[in-house]
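A short write-up of the structure that comes next.
The values are calculated or read from the model by the stated rules, or taken from the named source; none is laboratory data. Here the structure is a predicted model, which means the values were calculated and not measured. Cβ placement follows ideal geometry from the backbone for every residue including glycine, while neighbour counts extend to all protein chains displayed.
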Amino acid sequence: MRTYHRPAKPDKLAAFLMAVLDGMAVQAKAGLNREVLTAVAKQALTSWPSADVAHSTK
């Protein structure tokens, strides 16, 4: 099965990253443990484009 990747849009990636970080900050302040916060960060990184997709011109 082939997966199609659209070129990354820096403004959208920045908004996504800030939303995740802001949410994690709120959760950390509320007492969520480091293990869960790390899992959230790792999950967010799975949606981050690879370098070849980020620089795609197609």
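If you go through the stretch 18-32 one residue at a time, do you hit one that is over 15 Å from the mean Cα position of the chain (by Cα), loosely packed, with under 10 Cβ neighbours inside 10 Å and not in a helix (DSSP H, G or I)? Checked against the condition, which is being over 15 Å from the mean Cα position of the chain (by Cα), loosely packed, with under 10 Cβ neighbours inside 10 Å and not in a helix (DSSP H, G or I), the stretch 18-32 yields at least one hit. If you go through the stretch 37-53 and pick out every residue that is surrounded by 12 or more Cβ atoms within 10 Å (Cβ to Cβ), at pLDDT 90 or above and over 8 Å from the mean Cα position of the chain (by Cα), you end up with 2.
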